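Just so it is clear, none of the values below were taken in a lab; they were calculated from the coordinates. Quick caveat: nothing in here was measured; it's all calculated off a predicted structure. Here the Cβ is made from the backbone with ideal geometry for all residues, glycine too, and neighbour counts use every protein chain on show.
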Amino acid sequence: MNHDDLKLELLNLPVKYLHQMARGRIHRHFRLGKQRLVELILAFPPDQRLAIEAELQQIQKTRQERLALQEARSAALPKISSPPLRSKVLSPKGKPNFGPPQPSVNLQQILEGIGVPEPMPFVPDPWQTEAVEYLAHSDVIVSAPTGSGKTYVAIQAIKQAMALNQTVIYTSPLKALSNTKFMEFTQLFGSDQVGILTGDRRDNAQAPLLVMTTEILRNLLYDAASGEIDLRLHTLGLVILDESQYLADPERGVVWEETIILCPAQARLLLLSASIGNPQDLAEWLQAIRPIPCHLVRHAKRSVPLRGLYLHPTGQLVPLFRNQDIHQGKGYHFHPETKRLFAEYEIKPFI
Amino acid sequence: MPPAIHPVDLIEILRQHRLTPAIVFLTSRRACDEAIDTFAHSSARVSHQRSETIRTFLEKFAKDFPSIEHHPLIPVVQEYGVAAHHAGHLPSWKIAIEELMRQGLLDAVFATTTLAAGVDFPARTVVITQSSVRKSQDFTDLTISEIQQLAGRGGRRGKDLVGVVVITPSPYIDLHILGKGLTGYPEPIDSQFVVSYPMVLNLLKAHNLDQIEGLLAKSFAQFQLNQRSAIHQDHLDTIQEQLQPYGPRECADWVNQWKVFDLARRRKSHRQPLVNNDTPFLTACLPFLTPGRLIGLPKGPAIVLRQYRSRGTFAPMLSVVRAKGTIGECPAHSVTQIYDRVFEFQPSRTLPWCPPHVLHQLKKELSQLPARLPTVPILTETQEADDPLLAEVLTEEFPCPTCPSHSACKKDFPLASKLRLKSQQLTKTIQALRDGLWHRFQQKAEVLHKFGYLTAGSQLTVDGEWGRLIRINHSLLITELIRMDAFSGIAPGLLAGVMASISHDDDRPGSYMRLPSGLASVLTQVRAVADSLSPYEPPPLLRSDVAALAERWIGNPQLTWASLVRSTSMAEGDVYRLLARTLEFLSQLYGLKVTHPGLADIAHSAMVAMRREVLQELP
């Protein structure tokens, strides 16, 4: 093996193997960079050269075996495979090659699976049916990520309560959301069954299903407590508070608390909330202040898996994380390519 | 900050990889509008067929909501299939965009992060370009829940197999905040319970004080306070346990006893002078050895020029002028006589320590001295009896020095006193956590009593009965204004203007409008009242430009929405929100029709005048 060949081989090797070779041969090798290590290894006298070459071959052999093993494993389990860690391909000059996109990041593979699913009959998830079932004899808090089907729970619960001739109140934090829900429910239950109460709108207030903002419900409960109006509280069977994470809103959060405290005892509470950190606290609280038990339905998994991509300002698209799908609570490792590109961007933001 | 990538390129890339429809979250409204502007004349057009579909949809939509008919963004939306969606737009426009998005007719919506909190319209892809968001003048990092709210818009159930989050850098982005946000667990939520004046009135209307204390104890705020106090309680228990071995000894409260004893001991030691080697006689002499004093020295009489301390031994020294006219130094203890004679002069700080002509005069005086001069009698003070007395007190009143547990107390005192202090602090904290909410309620009730909404027995007065119906921010200001009759016979427009300026708490700058003189004087009164109430209720911004805007809308029924919006630099959506909020405040005043029929009438006519065009088109 001539000098240049050996140099190229060494440069293509991950630096940890170079350290392995340098152990016992080069003083304080762990302080050195790759370039310097290679230089020092090449500068050994010819009598040690043979030993080094033998070791190098040994290392290359074990590496190939390991890579083959990895490939076999990834072939067996295609789902959880991460894109193979790309070792930097080095040009003979020994400089890292920042060039056009390398084929090692397989775009096809990343973008695979994006598309429209086959139309399927809707089957409720177990947590959804669980929430509706528990509502028969306890309050329920649902904490699930956005878009995972909390509205389905609400609709089933409304149906269940209306079958028992009970009044249902549905509240949302925003007037716009109330209007949307009102239209949605009108389509579902018929216009004579749904009413709406907002700050300046009052339609069909005698309907069994009332949509309102939480502030309005709070005001109604205050008025009912002082005996001024009759809100048919005795028939009130279910109160649904959508977007309950507003409880932590600095300005309006207090309204949710007042509503829950003043909510009549015979009515069931259904709290629908985006994922929050401490839903069990909320559940314990309800359990403590309400005469009926409270059941917490916590669903962390998204119904549609989420994938992360990094788009470089040059238009290069690479995976964001080493794992393809984003999972909660397992930590994160950025894809090396993302790291490299982002570092490049931070040095030179305007391209 | 806009993203580093050009918006047109961004959309092209997303289209190319079948990643549309997408929601692109940008930092500011301006960034969204500018991104849309860059599309003009670009080649990123949608197919002609889709463009037609969007056109027919918007035309049909404009029949129900005429306010969007001439929206400036319509050509871009039709041609390029992209739109901007932020709080600066009218709700009707936002509904139109959401509907277009739901039908899959748009490729991208450029939105601010406020979108994430409100309405629900998902897309296949979410593009995040920022890791921080502007909150009242300052940039704060996005929280994990906020990032997950953003990311949650990605992936439509039933329409997508996979949702995608695309991160593309803009200046000041921090990748790790986003990484953490996407993969972490959301933060726990905390109660934001505040006791407001209407809450106090409404609770007192229906319940007595005991019941209210129970109701407040049922709040999530109290639940969380109890949780925290439970942690403190655990801590307190362990400290109490550690305090066990330091129970009563010879005296029941030995820690306190030792503390006082220790203090007395230390004070005693401090009474001893630090460095003073002067004899009592010398100490008594020194006050007399002032500049100008005639003294007797072994070599003859002299006059003191200055007194000072020697550098080395700190001994008192004198500079004197002698009969020969020479200036010399001598130690103070060498003074043999102090005569009852002082020559007045102005001492100076440098040699010869007095003005030169005085020196000459002093020399003359010294040569003309009479033979006998009266001397000053020096009384030597006896040593102060303080120290022995204190020593006596220490031994007599404190049994500590002779107590059998003296050494044990001395050893344990530092630790025991530290533990005891901590346990006292914890007890206080726990008490404050347990009673905090109830105290806040009582404070508010006291203020209401002071202003005459409550009787001394916490019953609602006549004013309280109607005051509780005002359940909005700044309720105290509004009820006080009503009680002052500030609104009697006011024009509906002026009332709406005042309500608008009270309700508007956004400091986004707006343009200054010419203020009608009537409104200006009313606003000045309101501002004075608000300032006088500031110890009890934070005053509203009371911006006059928004007041003028609302006044103009109501005062002039012929004014069109377009010309109203043209007269201000506020965004259309902000004007809409301002008027909608004013409407809400007015409807609260209208709710007082039983007790204040006149005011309710004015409010009602203002509401009627307000509801036209854009304000009427939404259901």
Whole-Å distance, taken between Cα centres, linking the stretch A:149-186 and the stretch B:324-380: 106 Å
Theoretical FRET efficiency, 1/(1+(r/R0)^6), r = Cβ-Cβ of residue B:365 and residue B:336, R0 25 Å, to 0.05: 0.85
Cα-based reach from residue B:428 at 27 Å (exclusive), listing lysines while leaving out same-chain residues under 8 positions away: B:218, B:259, B:418, B:444
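Could you order peptides B:59-69, B:219-229 by the average number of other Cβ atoms within 10 Å of their residues, highest first? All intermediate terms of the calculation are to be shown ahead of the outcome.
Numbers: B:59-69: 14.8, B:219-229: 19.7.
Ranked by mean Cβ neighbours within 10 Å, highest first: B:219-229, B:59-69.
With r defined as the distance between the Cβ atoms of residue B:211 and residue B:18 and R0 fixed at 51 Å, what FRET efficiency is calculated, to the nearest 0.05?
Working: r = 61 Å, r/R0 = 1.20.
The pair residue B:211/residue B:18 has a calculated efficiency of 0.25.
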Burial order of peptide ranges B:427-436, A:153-162 (average beta-carbon count within 10 Å, highest first): A:153-162, B:427-436
Cα→Cβ-extended label distance, 7 Å offset, between residue B:455 and residue B:379, nm: 7.2 nm
Anisotropy class of the stretch B:469-617 from Cα gyration tensor, a/c 1.5 cut: oblate
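Report the semi-axes of the equivalent ellipsoid for the stretch B:280-367 in whole Å, largest first, where each axis is √(5λ) for an eigenvalue λ of the Cα gyration tensor.
Equivalent ellipsoid of the stretch B:280-367: 20, 15, 11 Å, largest first.
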Taking N as its residue count, the alpha carbon Rg of chain A over 2.2 N^0.38 Å: 1.55
Two-site label geometry, residue B:51 and residue A:339: point separation in nm, points 7 Å out along Cα→Cβ: 4.7 nm
Using alpha-carbon coordinates, inclination of helix B:254-271 to the longest axis of chain B, degrees: 50 degrees
Helix B:544-555 axis, angle to chain B major axis (alpha carbon atoms, nearest 10°): 30 degrees
Fraction of antiparallel bridges per DSSP, the protein assembly as shown only, in percent to nearest 5: 40 percent
Gain on full stretching of the segment that runs from residue B:485 to residue B:515 - 0.36 nm per residue minus C-alpha separation: 8.5 nm
Centre separation in Å (Cα based) which lies between the stretch A:248-266 and the stretch A:19-82: 64 Å
Convex hull projection area averaged over all views, chain B, Cα basis, nm²: 52.0 nm²
Within 10 Å of each Cβ in B:497-503, the average number of Cβ atoms from other chains: 0
Cβ neighbours within 10 Å from other chains - mean over A:280-288: 4
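Using only alpha carbon pairs under 8 Å that are at least six residues apart, calculate the relative contact order of chain A and give it in whole percent.
Relative contact order comes out at 17 percent.
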Between the stretch A:114-134 and the stretch B:543-605, the alpha-carbon center distance in angstrom: 46 Å
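Let's test the formula: R0 of 30 Å, r as the Cβ-Cβ distance of residue B:407 and residue B:237. What FRET efficiency results, to the nearest 0.05?
Details: r = 30 Å, r/R0 = 1.00.
Rounded to the nearest 0.05, the efficiency is 0.50.
Can you count the Lys pairs in the stretch B:7-183 with C-alpha separation below 24 Å, eight or more apart or on different chains? Kindly include the intermediate steps, with their values, before the conclusion.
Working: B:60/B:94; B:63/B:94; B:94/B:135; B:94/B:159; B:135/B:180.
Here the count comes out as 5.
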By average C-beta atoms within 10 angstrom, highest first, the peptides B:551-564, B:193-206: B:193-206, B:551-564
Kirkwood estimate for the protein assembly as shown, i.e. one over the average of 1/r between Cα atoms, Å: 36.3 Å
Rg to Rh, two decimals, where the stretch A:131-202 supplies the alpha carbon set and Rh follows Kirkwood: 0.96
Average beta carbon contacts from partner chains per residue of A:326-335, 10 Å cutoff: 4
Residue A:265 paired with residue B:569, simple spin-label distance in nm, labels 7 Å along Cα-to-beta-carbon: 5.9 nm
Lysines whose Cα lies under 20 Å from that of residue B:363, excluding same-chain neighbours fewer than 8 positions away: B:299, B:324
Proximal aspartates and glutamates relative to residue A:348, as straight alpha-carbon distance under 16 Å, when same-chain residues fewer than 8 apart are discounted: B:174
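Full-extension gain between residue B:429 and residue B:604, please, as 0.36 nm times their residue separation minus the C-alpha to C-alpha distance. Working shown, then result.
Working: separation 175, 0.36 × 175 = 63.00 nm, distance 5.01 nm.
Extending this stretch completely gives an extra 58.0 nm.
Does the stretch A:126-298 come out rounded, prolate or oblate, given a ≥ b ≥ c as the square roots of the eigenvalues of its C-alpha gyration tensor, rounded meaning a/c under 1.5 and, failing that, prolate meaning a/b above b/c? List each step's numbers first, then the result.
Details: a/c = 1.32, a/b = 1.19, b/c = 1.11.
Taking the square roots of the gyration eigenvalues as a ≥ b ≥ c, the stretch A:126-298 is rounded.
Can you tell me the relative contact order of chain B? Whole percent, Cα pairs under 8 Å, sequence separation 6 or more. Could the numbers behind the result be given before it?
On the way: 815 pairs, mean separation 75.2, N = 619.
Taking the mean separation of contacting Cα pairs over the length of chain B, I get 12 percent.
So what is the relative contact order of the stretch B:7-183, in percent, for Cα pairs below 8 Å that sit 6 or more residues apart? Could the numbers behind the result be given before it?
Numbers: 268 pairs, mean separation 47.1, N = 177.
Normalised by residue count, the contact order of the stretch B:7-183 is 27 percent.
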Extended-chain gain in nm, criterion 0.36 nm per residue less alpha-carbon gap, residue A:51 and residue A:64: 2.7 nm
Three-way shape label, the stretch B:7-183, alpha-carbon gyration tensor, a/c 1.5: prolate
